[in-house]
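Step one of this worksheet: look at the structure below.
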Amino acid sequence: MSVHSEKTAFLKDIRSIRTYHDKPIDKAILEDIVDAGRMAPTARNIQPWEFVVIDDKELLAKLADLHTNGKYIKDAAAAIMVLCSKDTEYFVEDGSAATQNLIVAARLHDLKSCWIGGCKGPYYENDDIPMCEGVPCVIPPMYDDLCTRVKEIVNAPMNLEVISIVSLGYSDEDFKAQKRPLNEVIHWNQYMR
C-alpha cells in the first residue's frame, strides 16, 4: 500500500458519530477546525461563509430541542454552524466544501462529528408535500420557520442560509457503515448500468 493509499484510508474511515464524551474541546482546536473550513475551495473565491462555534451547553440544548434531525447536539462538546450568503450562485456548494473541511479537520484532532442538514430542504417523509421533479415545489412553512428559529438562537442575520451544523466531540464510537462497492458506483467515460 502506498503512502497515498494510507492517507485516503483515513478519509474512508470518517463516519457520522452521534455519541460523545462529556469532555470540552480546547478553543485553539475549534479555531483550527474553522480555519480549515474557511480555506475550502470556493467558486470565484467569493467565500460566502460565516462560521458560528457553539460550545455553550444551553445553546446546544436549544438547537437539539429545535432541530428534528439533531437531538444528539445537546451531548456534543461543541457544534459549528456553517452559514452562507444567498447572494451568490454557488453558496450551497461552497458551504458544503467548507463543511467537509471541518469534518476532516475535526478527525485530525481526534474528534468525531456528524453533519446535520441545513435549510436547503427538509427530509421529506410526508407524501402530502407536493413534489416537482423529485424536489419539493415549496419549502413547507413549518420548516422555513425552523430555519428562522435556528438562526435566531445564534443571532445570525436572516439573509444567511444555514448550510450545515456539525456536532463535535470526543467519542469511542466506531460505527462501520455498509458502503456500496466501488465497482457499483464508478463509471468510466460514460454512465453504464
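Read-outs throughout are calculated quantities, based only on the coordinates presented, and are distinct from any laboratory measurement. The model shown is predicted, which means the values in this text are computed figures rather than measured ones. Please note: Cβ atoms are built from the backbone with ideal geometry, for glycine as well, and neighbour counts cover all protein chains shown.
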Rounded to the nearest 0.05, what FRET efficiency do Asp87 and Val3 have when you use their Cβ-Cβ distance and R0 = 41 Å? 0.45
In the chain, once you exclude exposed GluC sites (Glu not before Pro) (DSSP loop, at most 16 other Cβ within 10 angstrom), what's the longest stretch remaining? 1-88
Quick one: Karplus J couplings for the stretch 169-179, per residue in order, coefficients 6.51, -1.76, 1.60, θ = phi - 60°, nearest Hz, x for Gly and Pro? x, 7, 7, 9, 4, 10, 5, 10, 7, 6, 10
Helix-only CD estimate at 222 nm, as mean residue ellipticity for the chain, using -39500 (n - 2.57) per DSSP H run (n ≥ 4): -10500 deg cm²/dmol
Residues with amide H under 5 Å of Cys114's amide H, sequence separation 5 or more or different chain, H placed in the peptide plane at 1.01 Å from N; which? Ile17, Ser167
For a quick size check, give me the Cα extents of the chain along its three principal axes, largest first, whole Å. 51, 46, 35
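Taking the convex hull of the Cα atoms, report for the stretch 73-124 its projected area averaged over all directions, in nm².
Hull-based average projected area comes out at 4.4 nm².
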If I take every Cα pair under 8 Å that is 6 or more residues apart in the chain, average their sequence separation and divide by the length, what percent do I get for the relative contact order? 30
Can you list the HN-Hα couplings for the stretch 52-58, worked out from phi with the Karplus curve (6.51, -1.76, 1.60; θ = phi - 60°), rounded to whole Hz and with x for Gly and Pro? 10, 8, 10, 10, 7, 4, 5
